Each structure stands twice: as structure tokens, then as C-alpha cells.
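The values are calculated or read from the model by the stated rules, or taken from the named source; none is laboratory data. Computed from a predicted structure; not experimentally measured. Here Cβ is always computed from backbone atoms with ideal geometry, including for glycine, and neighbour counts include all displayed protein chains. These area figures cover heavy atoms from the full protein model, side chains too; ligands, DNA and RNA do not enter into them. Shrake-Rupley method; radii C 1.70, N 1.55, O 1.52, S 1.80 Å.
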Number of protein chains: 2
Amino acid sequence: MPFTAPAIKSFQPPRRTLMGPGPSDVPQRILDAMARPTIGHLDPAFTDMMEEIKQLLRYAFQTGNKLTFPVSGPGSVGMETCFVNLVEPGDKVIVCVNGVFGGRMVENVKRTGGIPVLVEDAWGEPVSLNKVADAFAANPDAKVLAFVHAETSTGARSDAKALAELARKHGALTIMDCVTSLGGIPVLIDAWGIDAAYSGSQKCLSCTPGLAPVTFSERAIAKVQARKTPVQSWFMDLNLVLGYWSGEGRRTYHHTAPINPLYGLHEALVMLAEEGIENAWARHRAMHERLKAGLAKLGLRFVVAEAARLPQLNSLAIPAGIDDAAARGRLLTEFNLEIGAGLGALAGQIWRIGLMGYSAKQANVDYCLKALEAVLAVEAQPVAVI
Amino acid sequence: MPFTAPAIKSFQPPRRTLMGPGPSDVPQRILDAMARPTIGHLDPAFTDMMEEIKQLLRYAFQTGNKLTFPVSGPGSVGMETCFVNLVEPGDKVIVCVNGVFGGRMVENVKRTGGIPVLVEDAWGEPVSLNKVADAFAANPDAKVLAFVHAETSTGARSDAKALAELARKHGALTIMDCVTSLGGIPVLIDAWGIDAAYSGSQKCLSCTPGLAPVTFSERAIAKVQARKTPVQSWFMDLNLVLGYWSGEGRRTYHHTAPINPLYGLHEALVMLAEEGIENAWARHRAMHERLKAGLAKLGLRFVVAEAARLPQLNSLAIPAGIDDAAARGRLLTEFNLEIGAGLGALAGQIWRIGLMGYSAKQANVDYCLKALEAVLAVEAQPVAVI
């Protein structure tokens with residue numbers, strides 16, 4: 001045997017306070033659920049639980065969409081599932097780009113053979129409704145409008161309701177990224193008339209990462225069923241996935257579902273239903289107000305204008321004279337506190353403080369403010385010249 | 001709020017004995033690992049653990065391949081990752097089909113724009129080397145040979161070493177499905193010269209489902225880097241995934257890794273290294289012999305000829321007069337024992353008894369034999385005519 005067994009020990013993670021852009025803190029109740037005994041993916045007890053997850057997700061998304069389920073992969077697979085099913089080669093897709101995840105949507109459109117029409121706004125700004133209207137005027141044949149409800153890379157919220165109205169007015173379907181919004185601020189799939197949306201388990205739902213809740217309207221399903229070309233991904237093809245996730249008739253094997261992570265998502269959604277989604281939204285808002293008041297005392301400045309600011313993701317300008325990596329490193333090693341760095345165009349310029357799910361609580365806000373105060377005081381000291 | 005909170009309780013799964021085609025029983029040690037506190041996917045403690053997982057997977061695959069890591073999705077995503085990266089539109093791919101998963105490979109080739117050349121063998125038979133040689137003779141321009149090492153749908157093992165030799169002789173890359181073989185029987189990536197292989201976490205590694213270990217040779221990477229067309233999947237594009245999983249230089253964010261499931265995989269691989277992979281292979285073999293002896297006493301007949309029989313997946317002909325669904329239903333409800341049904345062409349004709357990972361132990365074998373004996377005795381009773 002040329003390859004011998006490595007002498008590696010069991011992994012004992014440190015205990016952090018997670019206040020970055022996700023994962024957020026995971027309640028012990030959810031971790032305990034994940035550690036329950038594994039059963040088979042076709043076990044009647046498991047498939048009953050799948051039905052409960054669908055019902056709970058419909059509540060989270062505020063939708064009656066039958067096709068609502070968690071994709072067995074991270075949020076990025078949820079995104080790709082929407083694009084590979086709803087975009088055919090040659091389809092024009094208006095994509096709103098005001099951060100990293102809008103840019104990722106463009107990549108998805110290109111790889112499906114679609115034609116992306118870009119509507120660009122500055123990072124930190126919401127999507128401009130006027131620009132989208134102009135894009136539809138210039139591209140009346142656009143089939144899909146894609147936008148990010150809550151840009152995780154900037155902390156800006158766009159007006160999903162108005163964007164969906166524009167799309168419907170022009171006969172286009174909507175694809176909405178609500179990875180960071182679901183559970184933290186209102187996401188009203190049916191009231192807004194959104195056709196396809198995807199989220200992630202590890203943000204305001206406070207589950208562990210790895211699952212992507214999605215929902216599709218009847219209009220979206222009709223488009224998938226009327227495709228002239230096969231969906232390019234076998235794994236993400238809704239026509240196949242449905243055989244397993246649909247509750248009608250006999251379930252057919254598609255892939256082996258991630259059993260224990262789904263136990264965790266089920267528990268996270270039960271907790272959301274217990275709290276009540278309006279209460280969860282109000283809690284995120286209240287914790288944001290508490291954080292905002294504390295940040296003002298520390299002299300830290302928000303990047304996003306108040307009207308578009310997400311309560312659950314707070315982007316701050318790094319103060320002049322403060323070393324980004326050194327300060328975050330100190331927060332992590334001295335306080336076991338994780339906050340987020342800037343991504344893409346905002347790398348090195350901003351910090352992102354998440355107040356998502358279980359992390360949106362008073363103890364976390366106060367701890368974060370205390371840690372920031374301590375680190376800023378040390379890091380801002382002028383270096384002694386000897 | 002038109003959609004009100006459903007009154008759904010926490011899920012308490014039954015405790016089953018899992019002896020189907022996977023998931024297999026998950027040791028408490030692995031479940032406990034999954035319930036440890038979540039940390040960030042860019043936390044240095046986490047990225048150190050990622051490096052350990054890569055090292056442990058190289059041991060499991062018996063390879064020095066640098067590009068060895070777990071894809072953040074089920075085995076099917078591992079499969080698709082291999083095909084979308086290594087097959088370009090117009091590439092001829094010889095695909096060996098002797099069960100469900102060979103058929104799935106064909107679907108993957110088609111959806112990448114490749115041209116599948118089918119080598120078909122009866123379900124339950126190993127892949128015929130002569131037919132593959134003939135296929136290469138008729139298609140000297142074939143770029144890839146794809147085959148399933150251990151067909152999960154039938155329990156047949158094919159000669160991976162000889163197949164890889166044929167591919168190399170004809171200048172083709174190999175893609176090997178080792179979902180059911182990894183950890184249960186020898187999988188010698190480097191000794192056999194396999195270019196790309198994918199597996200699953202929930203079979204002989206005894207972890208929970210949802211992760212797909214993969215490994216790629218330098219020849220495979222060269223092919224990916226020389227592609228003329230972009231990889232059609234954003235999520236599975238190795239050029240992008242590598243930025244996160246490679247240990248060199250600064251890690252770039254690609255997607256949020258499934259933190260807690262990776263804790264579980266790490267623990268499963270630590271346990272494999274502790275046992276020693278040769279000992280794991282020997283244990284699977286010994287438990288198979290024990291099961292075989294017991295099945296002979298019950299008069300149950302294997303579907304696969306002895307030379308090609310997988311120790312970890314035992315396909316049996318359902319005895320005449322026994323109702324498939326009723327018997328499996330009894331095993332599940334009266335004995336909390338899951339065995340596998342037949343898939344595809346073998347549905348209703350066979351049972352699949354898995355002896356994978358932690359399920360490959362004496363207590364399970366004896367329990368399974370006892371339960372089968374009881375259920376067969378009841379189910380075989382002639383119905384009383386009144």
C-alpha cells in the first residue's frame with residue numbers, strides 16, 4: 001500500500017459568534033436535530049417529513065406554489081437550478097447587477113446559452129426601476145427578469161414588488177435571489193407575483209449551510225414543460241427532481257437526499273413557524289436598530305442609504321487608518337467573533353455585520369459592539385516612533 | 001398574512017437498521033461530529049480541516065492526486081462534475097451500461113453535447129472487456145471511457161484496472177463511478193491509472209448522504225484547462241471550485257461549503273484511517289461471507305455470479321410467491337430493517353442487501369438473516385381459502 005493512513009484526529013471546531021454574511025449562529029436545537037439517526041431517503045417516515053418541509057417552506061416564502069422544496073446543494077445550486085430550467089439558448093434575460101450575486105446571475109445566463117441584458121447600478125445602491133423599464137423598452141422580447149432582492153455583497157435591498165410588476169407588464173418571468181432576505185424581511189412570493197426564487201439555509205433561517213430552498217409558480221412550470229431543448233443539467237432538471245419531491249403518486253428515486261441536513265432544515269422551519277414570521281421580521285429590524293445606535297456611538301458609517309438598508313446585513317465603511325485584515329483577525333482570535341469582509345469591488349473597503357436568524361439577538365449585538373470598540377481602539381493607536 | 005404558520009412538530013425519526021443500497025448506518029461518533037458548533041467557511045480553523053479532508057480522501061482513493069476533494073452535493077453532482085468538465089461538445093465518450101448508473105452517465109454525456117457510444121451488458125453482469133475493446137476499435141477518436149466500478153443497481157463489480165488499461169492504450173481518459181466501492185473494496189486510483197472518479201459519502205464511508213468525494217489526475221486537469229468551450233455549469237466548473245478548495249495562496253469564495261456535513265465526512269474518514277483501509281475491505285468481505293452462508297440456508301439465490309459479486313451489495317432474486325412490497329414493508333415496520341428494492345429493469349425482481357461501512361458488522365448480518373427468515377415464513381404461507 002503506497003498510501004498510508006494519515007494520523008489525523010477528530011475535528012473540534014472553536015466556538016465562534018457568527019456575525020458575518022452567513023453562516024449565522026445555529027441554535028443547539030437545530031444541531032441536535034441533525035444528529036438524529038439517519039433513515040433511508042425512501043422511508044415513509046422520511047417522505048412524510050419531506051411533505052412537512054414543503055409546507056413549512058411555503059409559509060416561509062408566503063406562497064401556495066406546489067413546487068416548493070429544498071434543492072440538495074448550496075444556494076449557488078439553487079440559483080443555477082432556476083437559470084438552467086427557465087432560460088433556453090437564445091432567450092434574452094434582463095439581469096440587474098448591483099453586486100457580486102447579480103454578476104453571478106450573468107455568468108449563469110451565459111452558460112445556459114441565454115443572452116444577458118445588463119442593468120447596472122453602483123454597488124450599495126438598489127436596482128433602479130427606471131433603468132429596468134428602459135431595458136424592457138429596448139428589449140421587448142426579453143423572456144426573464146433576474147434580480148437580487150437582498151444583495152449579500154453590499155447589504156442593499158431592491159424593490160422586489162415593483163420589479164416583478166415591471167416584468168409582468170412586459171410578459172417576462174422573474175427570477176429572484178432571496179438568499180439573504182428569506183426569514184429576515186418580508187419575502188412575499190405570491191403577493192408580489194414572483195415566478196422563481198431561491199434561497200439558502202444558512203442565513204436568516206439559521207440552519208447549517210448546504211441546502212437551497214426554491215419555489216416556482218405555475219407560469220414557471222409551464223415554461224419548463226414547454227422547453228424545446230433539454231435542461232442542460234441532469235441533476236437540476238426539474239422534470240426529474242419532481243418525481244422525487246412531488247407528493248403525488250409513487251415517488252421515484254432521483255438522487256439520495258441529504259437526510260440529516262434536511263432534519264436540520266425541518267427544525268429551523270419549525271422554529272420559524274413557532275416564532276411567527278412577522279415576529280422574526282420585527283426581531284431582525286429591532287436588532288438592526290440596536291446595532292445602528294451602537295455603531296453611531298463608535299463613529300462607524302453605513303455604506304447603504306437608509307431606505308435600501310437591509311436590517312440583517314449591515315455594511316460599514318472601514319474607518320481610515322484601520323487595517324482590514326488585522327482588525328478582523330483580532331475579532332476572530334481575541335473575541336471568537338466572525339464578521340464579513342468586503343467582496344469583489346468592495347474588498348478592503350467595507351465590513352459586513354450579519355444579524356441573521358439566531359444571530360439577530362441582543363446578546364450578539366452588544367457583544368459585537370463591545371468587541372468592535374476594543375479592536376478599533378487598539379488598531380487606531382498611532383504607531384510609536386522611537 | 002394569507003399564509004399562516006403550520007402547526008408542525010420537531011421530527012423524531014424512527015431508529016432503523018439500514019441494510020439497503022445506502023445510506024448505511026451512521027455511527028454515533030459521526031452524528032456527534034455533525035452537531036458541533038458551526039463556524040464560517042473561510043475561518044482558518046475550517047480551511048485547515050478542509051486540508052485534512054483532502055489528505056484523508058487521498059488515502060481513501062489511494063491516490064496522490066492534488067485535486068481530491070468532496071463536491072458539495074450528492075453523488076449525482078459528483079458524476080455531473082466529472083462529465084461537464086471532461087466532455088466538450090462533439091467529444092465521443094464510450095459509456096459502459098450494465099445498470100441504472102451507466103444509463104445515467106449516458107444522460108450526462110448527452111447533456112454536455114458529447115456523443116455517447118454505448119457498450120451494453122446485461123444487468124447483473126460486469127462490463128465486457130471485449131466489447132469495450134471493440135468499441136475503441138470502431139471509435140478510435142473516443143476521448144473518454146466511462147464506467148461504473150460497482151453497479152449499485154445490480155451488485156456487479158467490473159474490472160476497473162483492465163478497463164483503465166484499455167482506455168490508456170487508446171489515448172482516452174477514464175471516468176469511474178466508485179460510489180458504492182470506495183471504502184468497501186479496493187479502489188486504487190493511481191495504481192489503475194484512473195483519471196476522474198466520484199463517490200458518495202453515504203455508502204461504505206458510513207457518513208450521512210449529501211457529499212461526493214472526487215479525484216482528478218493531472219491528465220484530467222490538463223484536459224479541463226485546454227477546453228475550447230466554457231464548462232456549462234457555473235457551480236461545477238473546476239476552474240472556479242479550485243479557487244476555494246486548493247490550498248495554494250489565498251482562498252477565494254466560490255460557494256458556502258456545507259460546514260457541518262463536512263465535519264461528519266472528516267470524522268468518517270478519520271475512522272477509516274484508524275481502522276486501516278485494508279482492514280475495512282477485509283471486514284466487508286468477511287461480513288459478506290457470513291451473510292452468504294445464512295442466505296444459502298434460507299434458500300435465497302444471488303443474482304450476480306460469484307466472480308463479479310460485490311461484498312457490500314448483495315442482490316438476491318425474490319423467491320417465487322413472495323410479494324416484494326409486502327415483504328419489505330414487514331421488514332421495515334416489524335423489524336425496523338431497511339433493505340433495497342430493485343431499480344429500473346430489476347424492479348420487483350430483486351432485493352438489495354447492503355453491507356456498507358458501519359452496517360457491515362456481525363450484529364447487522366445476523367439480525368437481517370433472522371428478520372428475513374421470519375418474514376419469508378409468514379409471507380410464503382398459502383392464503384387460506386375459506
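Taking region A:1-28, which residues are surrounded by 15 or more Cβ atoms within 10 Å (Cβ to Cβ) and either assigned to a helix (DSSP H, G or I) or in contact (Cβ under 8 Å) with a residue 60 or more places away in the chain (or both)? Once the filter is applied, which keeps residues that are surrounded by 15 or more Cβ atoms within 10 Å (Cβ to Cβ) and either assigned to a helix (DSSP H, G or I) or in contact (Cβ under 8 Å) with a residue 60 or more places away in the chain (or both), region A:1-28 yields A:Arg16, A:Thr17, A:Leu18, A:Met19, A:Gly20, A:Pro21, A:Gly22, A:Pro23, A:Ser24, A:Asp25, A:Val26, A:Pro27. Among the conditions (1) more than 7 Å from chain A (Cβ to nearest Cβ); (2) out of contact with any Leu (no Cβ under 6 Å at 6 or more places or on another chain), B:Leu18 misses just one, which is (1). On the basis of being within 12 Å of chain A (Cβ to nearest Cβ), open to solvent by 10 Å² or more (accessible area, probe 1.4 Å) and not hydroxyl-bearing (Ser, Thr, Tyr), does B:Trp234 make the cut? The answer is yes for B:Trp234. A count restricted to region A:147-165 and to residues that are open to solvent by 10 Å² or more (accessible area, probe 1.4 Å) and under 20 Å from A:Val109 (Cα atoms) stands at 0.
Okay, residues lined up against (1) of a type outside the set (Lys, Arg); (2) modelled with pLDDT of 95 or more; (3) under 21 Å from A:Phe235 (Cα atoms); (4) surrounded by 24 or more Cβ atoms within 10 Å (Cβ to Cβ):
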{"residue": "B:Leu42", "(1), (2), (3), (4)": "yes, no, no, no"}
{"residue": "B:Gln62", "(1), (2), (3), (4)": "yes, yes, no, no"}
{"residue": "B:Gly75", "(1), (2), (3), (4)": "yes, yes, yes, yes"}
{"residue": "B:Glu88", "(1), (2), (3), (4)": "yes, yes, yes, no"}
{"residue": "B:Asn98", "(1), (2), (3), (4)": "yes, yes, yes, yes"}
{"residue": "B:Gly103", "(1), (2), (3), (4)": "yes, yes, yes, no"}
{"residue": "B:Glu107", "(1), (2), (3), (4)": "yes, yes, yes, no"}
{"residue": "B:Arg111", "(1), (2), (3), (4)": "no, yes, yes, no"}
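Scanning region B:303-320 finds no residues that are more than 24 Å from the chain's Cα centre (by Cα), within 14 Å of another protein chain (Cβ to nearest Cβ) and open to solvent by 20 Å² or more (accessible area, probe 1.4 Å).
Look through A:Pro2, A:Pro37 and report the one residue that is more than 7 Å from every other protein chain (Cβ to nearest Cβ) and closer than 30 Å to B:Trp281 by Cα.
On the way: A:Pro37 fails: more than 7 Å from every other protein chain (Cβ to nearest Cβ).
It is A:Pro2.
When region B:21-34 is filtered for residues that are closer than 24 Å to A:Pro27 by Cβ and more than 7 Å from every other protein chain (Cβ to nearest Cβ), the ones remaining, listed by number, are B:Gln28, B:Arg29, B:Ile30.
Could you tell me how many of the residues in region A:60-89 are under 17 Å from the mean Cα position of the chain (by Cα), hydroxyl-bearing (Ser, Thr, Tyr) and within 8 Å of chain B (Cβ to nearest Cβ)? Before the answer, list the steps.
First, the residues of region A:60-89 that are under 17 Å from the mean Cα position of the chain (by Cα): A:60-62, A:68-83.
Narrowing further to those that are hydroxyl-bearing (Ser, Thr, Tyr): A:68, A:72, A:76, A:81.
In the following step, the residues that additionally are within 8 Å of chain B (Cβ to nearest Cβ) were identified as A:72, A:76.
The qualifying residues number 2.
Table: residues versus (1) assigned to a helix (DSSP H, G or I); (2) more than 27 Å from B:Ile259 (Cβ to Cβ); (3) facing chain B (nearest Cβ under 7 Å); (4) open to solvent by 50 Å² or more (accessible area, probe 1.4 Å).
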{"position": "A:Ala222", "(1), (2), (3), (4)": "yes, yes, no, yes"}
{"position": "A:Arg227", "(1), (2), (3), (4)": "no, yes, no, no"}
{"position": "A:Pro230", "(1), (2), (3), (4)": "no, yes, yes, yes"}
{"position": "A:Leu240", "(1), (2), (3), (4)": "yes, yes, no, yes"}
{"position": "A:Tyr244", "(1), (2), (3), (4)": "yes, no, no, no"}
{"position": "A:Arg251", "(1), (2), (3), (4)": "no, yes, no, no"}
{"position": "A:Thr256", "(1), (2), (3), (4)": "no, no, yes, no"}
{"position": "A:His266", "(1), (2), (3), (4)": "yes, no, yes, no"}
{"position": "A:His288", "(1), (2), (3), (4)": "yes, no, no, no"}
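Conditions tested, residue by residue: (1) in contact with a Lys or Arg (Cβ under 8 Å, 6 or more places away or on another chain); (2) open to solvent by 50 Å² or more (accessible area, probe 1.4 Å).
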site	(1), (2)
B:Leu300	no, no
B:Leu337	yes, no
B:Leu355	no, no
B:Lys370	no, yes
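Restricting attention to region B:6-22, the residues that are within 20 Å of B:Leu269 (Cα to Cα) and touching an Asp or Glu at 6+ places or on another chain (Cβ under 9 Å) total 1. All conditions in (1) among the acidic types (Asp, Glu); (2) in contact with a Gly (Cβ under 8 Å, 6 or more places away or on another chain); (3) in contact (Cβ under 8 Å) with a residue 60 or more places away in the chain hold for B:Asp195, with the sole exception of (2).
Within region A:44-57, restricting attention to residues that are open to solvent by 40 Å² or more (accessible area, probe 1.4 Å) and within 7 Å of chain B (Cβ to nearest Cβ), which residue is farthest from B:Pro37 (Cα to Cα)? This residue is A:Gln55.
Please state which of the following conditions A:Leu343 fails to meet, knowing it meets all the rest: (1) modelled with pLDDT of 95 or more; (2) open to solvent by 10 Å² or more (accessible area, probe 1.4 Å); (3) within 20 Å of A:Lys203 (Cα to Cα); (4) not hydroxyl-bearing (Ser, Thr, Tyr). Condition (1) is where A:Leu343 drops out. Of all residues in region A:176-213, those being over 20 Å from A:Pro261 (Cα atoms), open to solvent by 10 Å² or more (accessible area, probe 1.4 Å) and within 13 Å of chain B (Cβ to nearest Cβ) number 5.
Suppose we filter region A:136-146 for residues that are among the hydrophobic types (A, V, I, L, M, F, W, C) and open to solvent by 10 Å² or more (accessible area, probe 1.4 Å); how many remain? Write out each step before concluding.
Keep residues of region A:136-146 that are among the hydrophobic types (A, V, I, L, M, F, W, C), which gives A:136-138, A:142, A:144-146.
Right, trim to open to solvent by 10 Å² or more (accessible area, probe 1.4 Å) and you get A:137-138.
Of the residues in region A:136-146, 2 are among the hydrophobic types (A, V, I, L, M, F, W, C) and open to solvent by 10 Å² or more (accessible area, probe 1.4 Å).
All of B:Asn108, B:Asn130, B:Asn139, B:Asn98 fail the test of being over 23 Å from B:Ala308 (Cα atoms) and either in contact with a Gly (Cβ under 8 Å, 6 or more places away or on another chain) or away from every other protein chain (no Cβ under 11 Å) (or both), apart from B:Asn139.
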